[in-house]
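Right, one structure below, let's go through it.
The values are calculated or read from the model by the stated rules, or taken from the named source; none is laboratory data. Given the structure is predicted, the values throughout are model-derived calculations rather than measurements. Here Cβ is always computed from backbone atoms with ideal geometry, including for glycine, and neighbour counts include all displayed protein chains.
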Amino acid sequence: MKKIIKNNRGFTLIELMLVITILGVTISLAAPPMSDFLKRYQAEAQRQKLFDLIALSRSKAYGHGQIYTLCGSADRQTCSGTWADGALFFADTDGNGSRTSDEEIERVMEPLPDGASLTWSSFGNKPYLQFRPNGLTPNQSGNFSYCPPDGNEQYGWIIVLNAMGRPYYGRDNDGDGRAENGSGENLNCPTTV
């Protein structure tokens, strides 16, 4: 009679510990790049939302032959608060840059993450952005500057509006990792402590 020896196919405790160690090291090396990816993705998502809102405001003004205003809004009803609190755009029937109850809100933008900042600076120095019925701005060329909650300018961005009202993304033309406005000035975020 023959003896049959069965070989158990499995892992020894040492092999299992080795696999867990290698897996742990691999995950710890991948975590920082994943964190950077998430920060960049969140910043770019915010940039795209605002860019789309600007483009839609301009398109509506031209398409409807009416003044449209885009402004920062904390309450999603009036032009109040900062741009980081949120924004809204509306058909500005009286053209005064301030929403009244009879002016219909077209769209709102939700607030930015806590600690993030968004500022609008323009040639006309108005707290709002306005598009005329021809799709142009009333001498309001300027830029929106976004700084993330941690103040890291690498994840910040700029949207520039030229005098014709056309928005475009600020680029990093000098290779220092920071977006630049239409005048070539770098994004400057306050550092957090």
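Assorted remarks:
- Members of the stretch 98-121 that are under 17 Å from ARG58 (Cβ atoms) and buried (at least 19 other Cβ atoms within 10 Å of the Cβ): MET109, TRP120
- Residues that are of a type outside the set (Lys, Arg), in contact with a helix residue (DSSP H, G or I) (Cβ under 9 Å, 6 or more places away or on another chain) and either at pLDDT below 90 or assigned to a loop (DSSP other than H, G, I, E, B) (or both), drawn from the stretch 128-140: PRO133, ASN134, GLY135, LEU136, THR137
- Residue count, the stretch 147-193 (criterion: surrounded by fewer than 16 Cβ atoms within 10 Å (Cβ to Cβ) and not in a loop (DSSP other than H, G, I, E, B)): 2
- Every residue from the stretch 175-188 that is touching a residue at least 12 places away in the same chain (Cβ under 8 Å) and either out of contact with any helix residue (DSSP H, G or I) (no Cβ under 7 Å at 6 or more places or on another chain) or charged (D, E, K, R) (or both): ARG178, ALA179, GLU180, ASN181, GLY182, ASN186, ASN188
- With respect to the conditions (1) assigned to a loop (DSSP other than H, G, I, E, B); (2) within 21 Å of ALA55 (Cβ to Cβ), ASN125 falls short on a single one, namely (2).
- The residues of the stretch 77-113 that are of a type in the set (A, V, I, L, M, F, W, C) and outside any loop (DSSP other than H, G, I, E, B), listed by number, are TRP83, ALA84, ALA87, LEU88, PHE89, PHE90, ALA91, ILE105, VAL108, MET109.
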